[in-house]
Amino acid sequence: MNLRKNDPLHYSKSVVERFSEAAAPILEAVNLTHFIYINLVDTQKRLYLSNDHEWIENYLQHELYEDRKHEVAAIQPGDRSRYAFWDSYENDRVFSACHSFGMWNGFIIYEGNEIFS
């Protein structure tokens, strides 16, 4: 795959090591394997980081960012914060893809325009 400087995968590869180092204490403390951070810049743009670059590559390759059922279920207008276990959501393309990467159980924390999963 040819990565250009403005390509989201290029950015992901450039920060995954530092992001993983920053996430390691949290993951180790609660015995988790994956950490995802999403900043909803606006309705069309988002910053999506993960400690697993292969997951981001899959997420982009399969255009999973187009399936927002779980975001719509989690983020209610007027809510400043919200949290939920993944099993409280209907299974969708994103969660099916997560399962194929060994991510079966998860927890989402939504605060303002940020999602931690």
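Laboratory data are not the source of any read-out in this text; all were calculated from the coordinates shown. Predicted model only: the values in this text are computed from it and were never measured.
In Å, what Rg and Dmax follow from the Cα atoms of the stretch 20-71?
12.4, 34
Can you give me the long-range amide H partners of PHE107? Hydrogens built in the peptide plane at 1.01 Å from N, cutoff under 5 Å, separation of 5 or more residues or another chain.
TRP86
Quick query: amide H of ILE36 versus all other amide H atoms, modeled in the peptide plane; which residues come in under 5 Å with a sequence gap of 5 or more or a different chain?
SER117
From the phi angles alone, apply the Karplus equation (6.51, -1.76, 1.60; θ = phi - 60°) to the stretch 12-29 and give each ³J(HN,Hα) in whole Hz, x where the residue is Gly or Pro.
Per-residue couplings from phi come out as 4, 4, 6, 10, 4, 5, 5, 4, 5, 4, 5, 7, 3, x, 5, 4, 5, 5 Hz.
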